[in-house]
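Asks: A single structure is presented below for examination.
The values are calculated or read from the model by the stated rules, or taken from the named source; none is laboratory data. Quantities reported herein were computed from a predicted structural model and do not represent experimental measurements. Cβ placement follows ideal geometry from the backbone for every residue including glycine, while neighbour counts extend to all protein chains displayed. Surface areas here come from the heavy atoms of the whole protein model, side chains and all, with no ligands, DNA or RNA. Shrake-Rupley method; radii C 1.70, N 1.55, O 1.52, S 1.80 Å.
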Amino acid sequence: MLKKLLSVVFCGIALFSASGTLSGNKAVINAAEYSAPYSAEIVMEVNTGRVVYASNEHTKKYMASTTKILTAITVIENCDLAAKVTVGKETVGVEGSSIYLEAGEELTVEELLYGLMLRSGNDAAETLAVFTSGSIENFAALMNETASRIGAVNSHFVNPHGLHNDEHYTTAYDLALITCHAMKNEKFREIAGAKTKDISWSTREYKRHLVNKNKLLFNLEGCTGVKTGFTKKAGRCLVSSCKRGDTEFVCVVLNCPPMFERSAALLENALEIYKNIKVLESDNIYDFIDVAGTDEKCGVYIKNDVILPLTVAEAENLKIVNAYPDKLEAPFKKDEEIGFIEFYCQNNLIFREKVYTIIGMEKN
C-alpha cells in the first residue's frame, strides 16, 4: 500500500520563499488580451515544467524557425563546439534567412550556432546538421531522438531550420519542453540570450556582426532568450523566456500576429502572479520506513531541493502525497529509488520528486 498524506497543508509556507515577498493572489493568467482559435500558446516554468497558462497547447502546429532551438541543443549535446567546420557547397544558398556562408570557408561549431540562433541562418542550420550527422536526414533522425528523450512525443522533425514541410510539426507544449531542457544548458543559454555577436568571415577583411532578431531581449526586463520564426503556413512564432529573481518562465506562441506583445504580456503576468517557493530541502532525512520482517527502519531522502512556482493562495494550501511503500522488502541498495513525493494544488498534480533510500540492507 502506498502512503497517502493528502491532508498535509503547508500554511505559512511563504516563509521559505526563494524570491522574497510574494505579491498577487491570482491563480490563472487572463487570456482576454489576445486569443484566436488558430493560435497555440503556453507558459511553462523552466525548472519544474509546471504549466501556468495554456491554450491549444497540444494542437499540432508548424513552427518555422523555432525549430532551431532543437537544432541548437542537439548540436551542443553531440559536438565539440571548438571544432572547425568547412562549409560545403551543398549547404550554401539555402532559401530564406541566411548568414551568407561561402563554400570552403571555415568557422567553429560555436560560431555557426550564433549564426543559427541570432540571425536564424538556414545555411548555418544545414551546415551544422551535415557536420553533426553526415546528412540532413540523419540529423533529423537525431533531432527526433532528442525530442523523444525530452518528452516531446507529439512532434516530428524533418529538417534543421523549419522551412515548411507538411511532416514537420510540433505543439506549443512540446516546444516549451524542448526549450526548458535547452535552457538548462549554459552554452545554449549564453547563445540564445546574446543580443549581438561578431563571428569570423574568412573570405572578408571584416567579421559578421550578428544582431539578435528577438526584440524582447532589448525591451523586456529579464528576457533570457530564445528564438523567432516565420513562414506563410506557420505564421509568426516566438519562443521567449524571462527571469526575475529566481523565477523563470518560457513562453511559446505559434501563429500569433502580435507575437512580441503577446509574449511580453504573458511573461509579465506569470512573473507577477507566481513566485518560486522552497517547499522541501534535500539535506534532511524526509521519512523513515519500516523494513519488513525486522525491527529496522530505513531513512529516505530527496536529492534536490523542491522549489515550486506558486501563487500566494497555492502556497497556503499546498498538499503533499507520499507515493512510496509503507514497508520495504530487503534486499535493497543505498540510493535506490522507491517512489515519489507528489505536490498538488487543488487536487491537480503539479510536480513530483523521486525518493531514495539512505542506506542499503541485505536480505535476512
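Asks: What part of the accessible area of the chain, given as a whole %, is carbon or sulfur when the probe is 1.4 angstrom?
Replies: Percent of accessible area from carbon and sulfur atoms in the chain: 49.
Asks: Taking only Cα atoms and a 10 Å spring cutoff, compute GNM fluctuations for the chain and point out the largest among ALA40, ALA124, ALA330.
Replies: Looking only at ALA40, ALA124, ALA330, the biggest GNM fluctuation is shown by ALA330.
Asks: Go through LYS61/LYS187; LYS227/LYS275; LYS184/LYS243; LYS84/LYS184 and tell me which ones have a Cα-Cα distance over 18 Å in this structure.
Replies: Details: LYS61/LYS187 28 Å; LYS227/LYS275 25 Å; LYS184/LYS243 13 Å; LYS84/LYS184 25 Å.
LYS61/LYS187; LYS227/LYS275; LYS84/LYS184, as the Cα separations exceed 18 Å there.
Asks: How large is the dipole of segment 170-318 about the Cα centre if only Lys and Arg carry +1 and Asp and Glu carry -1, each at its Cβ, rounded to the nearest 20 debye? Intermediate results must be reported in sequence, preceding the final value.
Replies: Values: 21 positive and 20 negative charges, 330 e Å.
Dipole size: approximately 1580 debye.
Asks: Further question on the same structure: Can you find, among VAL252, ILE338, THR48, the residue sitting farthest towards the positive end of the charge dipole of the chain, where Lys and Arg contribute +1 and Asp and Glu -1 at Cβ?
Replies: Going by the charge dipole, the pick is VAL252.
Asks: Ok, one more. Using only alpha-carbon positions, what ratio does the radius of gyration of segment 93-170 give when scaled by 2.2 N^0.38 Å?
Replies: Cα-based Rg divided by the globular estimate yields 1.10.
Asks: With +1 on the Cβ of every Lys and Arg and -1 on the Cβ of every Asp and Glu, and nothing else charged, how large is the dipole of segment 248-315 about its Cα centre, in debye rounded to the nearest 20?
Replies: Magnitude of the dipole: close to 300 debye.
Asks: Could you work out, for segment 118-218, what percent of all Cα-Cα pairs fall into each 10 Å distance bin, beginning at 0 Å and stopping at the bin that holds the largest distance?
Replies: In order of increasing distance, the bins hold 14, 37, 38, 10, 1 percent.
Asks: Starting from the Cα of GLU102, step 7 Å along the direction of its Cβ; do the same at ALA141; then give the gap between the two resulting points in nm.
Replies: Spacing of the two 7 Å Cα→Cβ label points: 3.5 nm.
Asks: For P(r) over Cα pairs in 20 Å bins from 0, in percent, the listed values are [x] 30, 60, 10, 0; [y] 32, 62, 6, 0; [z] 28, 48, 22, 2; which was obtained by calculation from the structure presented?
Replies: [z]
Asks: Using amide H atoms built in the peptide plane, which far-off residues or other-chain residues are under 5 Å from ARG50 H to H?
Replies: GLU45
Asks: So, for segment 276-364, what is the accessible surface per residue at a probe of 1.4 Å, expressed in square angstrom?
Replies: Counting only protein heavy atoms, the per-residue value for segment 276-364 is 52 Å².
Asks: Now, a different point. If Lys and Arg each add +1 and Asp and Glu each add -1, what is the summed charge of the other residues whose beta carbon sits under 9 Å from the beta carbon of SER202? Present the calculation step by step, with values, prior to reporting the outcome.
Replies: Values: positive: ARG204; negative: GLU102, GLU105, GLU106.
Residues close to SER202 contribute a combined charge of -2.
Asks: When the Karplus curve 6.51 cos²θ - 1.76 cosθ + 1.60 is applied with θ = phi - 60°, which whole-Hz ³J(HN,Hα) does each residue of segment 108-119 get, with x for Gly and Pro?
Replies: 7, 4, 4, 4, 5, 5, 5, x, 5, 8, 7, 10
Asks: Quote the FRET efficiency, to the nearest 0.05, computed for HIS164 versus ASP295 with a Förster distance R0 of 51 Å and r equal to the Cβ-Cβ distance.
Replies: According to the calculation, E is roughly 0.15.
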